[in-house]
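Each remark here refers to the structure printed beneath this line.
Every number in this text was worked out from the coordinates using simple rules, so none of it is lab data. Fair warning: this is a prediction, and the values are worked out from it, not measured in the lab. Quick reminder, even Gly has a Cβ in these numbers, built from the backbone with ideal geometry, and neighbours come from all protein chains shown.
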Amino acid sequence: MADRRARAVGQFVVGFLIATAVELFLFNVPLPRALALGAAIGVGVGLGWYLTADGDADE
């Protein structure tokens, strides 16, 4: 269970960083809005991964 949470947090961080970078550099969005959108996308990615992950995937 803890491993599943750790992976979900990792997915959040990766989603946040990629989304924020894309919004800043590709779409030229101001920094506060890019951070907010990046956080929202990161939460969606992390939560979606957490809710759909199979707990026995490592076995």
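Measure nothing fancy, just the Cα-based angle from helix 2-25's long axis to the longest principal axis of the chain, in degrees from 0 to 90, nearest 10.
Once rounded, one gets 20 degrees.
Give me the extension gain from ALA2 to LEU17: residue separation times 0.36 nm, minus the current Cα-Cα distance, reported in nm with one decimal. Don't skip to the end; give the middle numbers.
Numbers: separation 15, 0.36 × 15 = 5.40 nm, distance 2.27 nm.
Contour length minus the Cα-Cα distance gives 3.1 nm.
Under Stokes-Einstein, with the Kirkwood radius over Cα pairs standing in for Rh, what whole-number D in µm²/s applies to the stretch 2-52 at 20 °C and 1.002 mPa s? Could the numbers behind the result be given before it?
Numbers: Rh = 10.8 Å.
Value of D from the Cα-based Kirkwood radius: 198 µm²/s.
How do THR52, THR20 rank when sorted from fewest to most other Cβ atoms within 10 Å of their own Cβ? Working shown, then result.
Numbers: THR52 7, THR20 20.
The order, fewest Cβ neighbours first, is THR52, THR20.
Got a sec? How would LEU24, LEU47 order by Cβ neighbour count within 10 Å, fewest to most? Intermediate results must be reported in sequence, preceding the final value.
Details: LEU24 17, LEU47 13.
Final ranking by Cβ density, sparse to dense: LEU47, LEU24.
What does the charge count around GLY48 come to, taking other residues whose C-beta lies under 15 Å from its C-beta (Lys +1, Arg +1, Asp -1, Glu -1)? Mind dumping the intermediate values first?
Numbers: positive: ARG4, ARG5, ARG7; negative: ASP54.
Taking every other residue near GLY48 into account, the sum is +2.
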